[in-house]
Number of protein chains: 2
Amino acid sequence: MSMRQNDHPRPLNLEDIARKAGVSRSTVSRVINDEPYVSETTRVKVQAVIRSEGYSPNPAARMLVTQRTRVIGVVIPHTLHVAFQDPYYFPTLLQGVAEATTSRDYAMLLWMGERGEEETFYSRILRQNRLMDGLIIASATSDDPLVAHLVETGTPFVMVERPSRFTDRISYVSVDNVQAAQQAVAHLVNLGRTRIGTITGALDIVDGADRLTGYRNALHVAGLPFDPALVAEGRFTHQSGYVGAKRLLKAQVDAIFAASDITAIGALQALDEAGVRVPQDVALVGFDDLPNSVQVTPQLTTVRQPIHHKGSLATNLLLDLIEGTLPTPQQQLLPTQLVIRQSCGALAYS
Amino acid sequence: MSMRQNDHPRPLNLEDIARKAGVSRSTVSRVINDEPYVSETTRVKVQAVIRSEGYSPNPAARMLVTQRTRVIGVVIPHTLHVAFQDPYYFPTLLQGVAEATTSRDYAMLLWMGERGEEETFYSRILRQNRLMDGLIIASATSDDPLVAHLVETGTPFVMVERPSRFTDRISYVSVDNVQAAQQAVAHLVNLGRTRIGTITGALDIVDGADRLTGYRNALHVAGLPFDPALVAEGRFTHQSGYVGAKRLLKAQVDAIFAASDITAIGALQALDEAGVRVPQDVALVGFDDLPNSVQVTPQLTTVRQPIHHKGSLATNLLLDLIEGTLPTPQQQLLPTQLVIRQSCGALAYS
DNA sequence: CGTAAGTTTGGGAGCGCTCTCACAATCATG
DNA sequence: CATGATTGTGAGAGCGCTCCCAAACTTACG
């Protein structure tokens, strides 16, 4: 008569399948969980019934008894912030996580926070913690209260940046920002640049601070002085690239290392407006390798980081921790790659 | 001795709380679920114990008996595609969904697909369907096999674009792309442009096709002829904007409506290279209002769509459907806004 | 051919909750 | 003050699964 949703029949359960296959509940359970001690003939028979009835076990019942959910949580504390700093980062990371979770037959619960709602956000995650076997934490700082709570309750988790505190006791996956930035700046040094400036990222974020450290290291190795006038503090934004470049121009730089591509593109706009040629007058290197970096003129030399891989590796580590294959904590630094294009001047100008 | 995770004590259950509060399991359950027929004194007493013990009910047990999970699924079939077409779309939509789910105390399970894996992707979602009370489906077409299955099993779902089939039987939230595009092109007409070209989006995607329709409608209303030579088929990409603009230049356009900002920026680059002034020689209008659109010169006139709101509205509709407050199906079109900046020439040139 | 070991199957308990029902206590009403 | 309605509380069943144990049946070997 009506088309109401509860007209749909009660889904089948183990018992139903058992009856239809002429065996017991236990046997069906064994078949489903691929356990030994089931004869080949019954296994085949049961599988046939399962398939033909389109049966799949009730996850809630399973969770209840196994104390495992086969669900992991992904926590992104400041979504908009992250999204605008690098719009590709977030989807790409999630894609990496998704790939690993699905390939290992887990599901992912996504928690996205808003600024200013940290408390309720964390308490919600903590309250739902029995729904998840573990957590991936993106872009949080390790002095985050969430981290402390997780350690307390023994919930397995992996961070996707280098924690600033408890570094040796927390599992994480990251790239070696120090080394990557150092390599980028060394590249500028090798091209003969001597007044190399930098527009930093947000320095209260580990990635930002690490990239600045890499910049200093490269200068040090090259025997160049570190000059605070050549450091413009930024926040990974386009705007801070624009403003930073203007400031650095006054300081007579002949090269700029920007802590992100977005920042580099902002800088490029400022240089353009000032009539400064890139790379002839000022060489420019970015960080991230966004699609944008080949859509500007000149194309950006930049540092590529394996975001996708970061996500999948972090997830695989987490699942290994959950399944007890690996001791905790686990730490991994992924390699980056300097992508040389036009803005650094290493290629002949056309 | 060791620091293994299973050193952590078994979490408390209802029974434990009941004992500590000196009442029965049932009473505690009533307090937790805010049911009537609990005296004020016991309610307070029980709440105190719950808080002090940090108790929260086991979701699996709850799900098992209530047949409700308080979890919704968000399905994004072709992640990378979506992400690169408009990098802000995806995080922003998710943010909208997240906001609504958390405010109504649900959690969100994210399913991201890869191209070419549709079958396993959908079967996985369907297999886990008891884990979710309903689904939000982003960027799928309604001839998608998933949609058919969902209808079959009676799973509530809401799409976040206008379905191309079964349009009146499926719940969805979208913007009126036809009307939005029409308004954008009409704006160009009002500025006195007469040879208005368009670079379309992917025409097998409803949004893309609808925007082309809007373009045609506007010409029709203005009494301008529809000339196929002024239509460059694109795919929402930067590249197709670049190529499309070159083609349209040969056809002597004096204005271009691009189906996305990314496309418009590609077109801008082509116009720039050809020495064509924007907006003086060719006026340009985009679609989406990405942050990029103010970071190019001239700043882009474009159509802003309420992506965030789309996500939260779709979610609220879904939860209403789930909770039975609303009859199915539900359909909503959200208004867009034409954001006038420099590229259309409506503002005085500086 | 008896016995031990291994293989295959089924039944019962129980995970932690909600829901129904029974019962006790309180209140209003004639 | 007896009656019925309303409010407050607890006990039992059961959601659908896994896990443990017992039973039945095979096989191997002295």
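Heavy atoms of chains B and A lose about 4900 Å² of accessible surface on contact, summed over both sides with a 1.4 Å probe. Rolling a 1.4 angstrom probe over the protein heavy atoms with all chains in place gives the protein assembly as shown an accessible area of 44 Å² per residue. Computed with every protein chain present, the accessible area of B:R247 is close to 110 Å² [probe 1.4 Å].
Pairing the Cα long axis of helix A:261-273 with the longest principal axis of chain A, what angle in degrees results, from 0 to 90 and rounded to the nearest 10? On a 0 to 90 degree scale, this one is about 30. Each other copy places its own label point for B:P145 at 4.8 nm from this one, sorted shortest first, where the point lies 7 Å along the Cα-to-beta carbon line. Before anything else, pin down the relative contact order of the stretch A:197-350: Cα pairs under 8 Å, at least 6 apart, normalised by residue count, whole percent. It comes to 19 percent, rounded to a whole number.
Each 10 Å bin, from zero up to the one with the longest distance, holds this percent of the alpha carbon pairs of the stretch B:159-295: 13, 45, 31, 9, 2, 0.
Near A:L334, the amide H atoms lying under 5 Å from its own belong to A:S174, A:V175, A:D176; only residues 5 or more places off or on other chains count, and H is placed 1.01 Å from N.
Charges were assigned to the Cβ only: +1 to each Lys and Arg, -1 to each Asp and Glu. The resulting dipole of the stretch A:5-66 about its Cα centre is roughly 100 debye. In a simple Cβ point-charge model (Lys, Arg +1; Asp, Glu -1; nothing else charged), the protein assembly as shown has a dipole of about 880 debye relative to its Cα centre.
Computed with every protein chain present, the accessible area of B:D105 is close to 50 Å² [probe 1.4 Å]. In chain A, the beta carbon lying closest to the axis that superposes A onto B belongs to the residue given here with its whole-angstrom distance, A:P87, 2. Note on the protein assembly as shown: with neighbouring protein chains present and a 1.4 Å probe, carbon and sulfur make up 51 percent of its accessible heavy-atom surface.
Helix A:118-127 and the long axis of chain A differ in direction by around 30°, with both axes built from C-alpha atoms. Taking only the C-alpha atoms of the stretch B:298-337, Rg followed by Dmax gives 14.2, 50 Å. Rolling a 1.4 Å probe across all protein chains gives B:V38 an accessible area of roughly 20 Å².
The value of relative contact order for chain B, using C-alpha pairs under 8 Å at least six residues apart, is 16 percent.
The share of alpha-carbon pairs in the stretch A:5-66 lying farther apart than 20 Å comes to 26%. Remark: relative contact order (the stretch B:5-66) = 33 percent; criterion is Cα-Cα distance under 8 angstrom and separation of 6 or more residues. Compared with the dominant Cα axis of chain A, that is its longest principal axis, helix A:206-222 is turned about 40°.
Computed from point charges on the beta carbon alone (+1 for Lys and Arg, -1 for Asp and Glu), the dipole magnitude for chain A about its Cα centre is near 660 Debye.
Distances between equivalent label points of B:N13 across the copies, with each point positioned 7 Å along Cα→Cβ, amount to 1.7 nm, shortest listed first. In a fully extended conformation the segment linking A:L333 and A:R104 would gain 80.2 nm over its present Cα-Cα distance, using 0.36 nm per residue. Here the scattering of chain B is modelled by Debye summation over its C-alpha atoms, one equal scatterer each and no solvent; at q = 0.09, 0.11, 0.14 Å⁻¹ the log10 of I(q)/I(0) is -0.61, -0.79, -1.07. When A:V221, A:V160, B:V278 are compared by accessible surface with a 1.4 Å probe, the order from highest to lowest is A:V221, B:V278, A:V160.
Sorted from nearest, the other copies put their A:T120 label points 4.0 nm away, the label point being 7 Å from Cα in the direction of Cβ. Here's the list of aspartates and glutamates a cross-link from B:K250 could span, going by alpha-carbon distance under 20 Å and ignoring same-chain residues fewer than 8 apart: B:D227, B:E233, B:D272, B:E273, B:D281. Of interest is the spacing of the C-alpha centroids, which for the stretch B:168-233 and the stretch B:245-298 amounts to 16 Å.
The values are calculated or read from the model by the stated rules, or taken from the named source; none is laboratory data. Quick caveat, the model's predicted, so the values are computed rather than measured. Cβ coordinates were reconstructed from backbone atoms using ideal geometry, including for glycine residues, and neighbour counts include every protein chain displayed. Just the protein is used for accessible areas: all its heavy atoms, side chains included, with ligands, DNA and RNA removed. Shrake-Rupley method; radii C 1.70, N 1.55, O 1.52, S 1.80 Å.
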